[in-house]
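The values are calculated or read from the model by the stated rules, or taken from the named source; none is laboratory data. Only a predicted model underlies this, so the values are computations on that prediction, with no experimental measurement involved. Cβ coordinates were reconstructed from backbone atoms using ideal geometry, including for glycine residues, and neighbour counts include every protein chain displayed. Calculation scope for accessible area: heavy atoms of the full protein, side chains included, ligands and nucleic acids excluded. Shrake-Rupley method; radii C 1.70, N 1.55, O 1.52, S 1.80 Å.
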Amino acid sequence: MTDPTLPMTGGCRCDRLRFSVTRPPLFTAVCHCTGCQKMSGSAFSTTVCVPSDGFALTRGDAVIGGLHGDQAKHHHCDWCKSWVFTRIEPDMGFVNVRATMLDDPSWFVPFVETYTDEALPWAKTQAKHSFATFPEMERYQPIVAEYAATTRVT
C-alpha cells in the first residue's frame, strides 16, 4: 500500500465523467449494506470520504441513480451508468467518492466498515473500525481525527 497523493483524479468506466480530489480524505470506508451490494454489484461499496470543497467534476455531467428522492444522492455517469460518487442533501460537508473510480486506487484500505450486520459471510476487511449499521454522528469526529493522525497524504 502507498499513501494517497493529491490531487487525485478519476472517472467512470467510459471516462466521459471525470473528477478531481484536491483535499485530503477525511477517512476511507466500505459499506456492506444490501443497498450498496446491489448498487455496486459486489459484496460492498468502497468510499473515500472527502471534503465537499475538495471534490469537483472536471468533465461531463452526473445523473442521479439508485434511490430517487432519498437524502443520499447517488451520482452516476449518464452514458456507462457507473456509480461514481454520493452527496448527502443538505450538504453535510463531504462527498463519498467510490474508491474504485480513482485513477490510482492502489493506496485504498478501508479504515471504517459499516453495516456489517448485512455483510456476506465471506466478505472480510481489515478496517480498524467496524459497525453493525452506521455509527452515531458523534463517532465520526474522532474517526476523522484518528485517520488524519495515521495517514500521510502527499
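Some points to look at:
- The stretch 6-107 - percent relative contact order, Cα under 8 Å, separation 6 or more: 30
- 1.4 Å probe accessible area per residue over the chain, in Å²: 54
- Counting only DSSP H runs of at least 4 residues, each contributing -39500 (n - 2.57), and dividing by the residue count of the chain, the helix-based mean residue ellipticity at 222 nm comes to -3500 deg cm²/dmol.
- Placing a label point 7 Å from the Cα of residue 6 along the Cα-to-Cβ direction, the residues of the stretch 117-154 with a backbone N closer than 13 Å are 148, 152-154.
- Coil-residue GluC sites (Glu not before Pro) of the stretch 50-154, DSSP, other Cβ within 10 Å capped at 14: 136
- Residue 154 paired with residue 23, simple spin-label distance in nm, labels 7 Å along Cα-to-beta-carbon: 2.4
- Here the spin labels are modelled as points 7 Å beyond Cα on the Cα-Cβ line, and at residue 126 and residue 91 they lie 3.5 nm apart.
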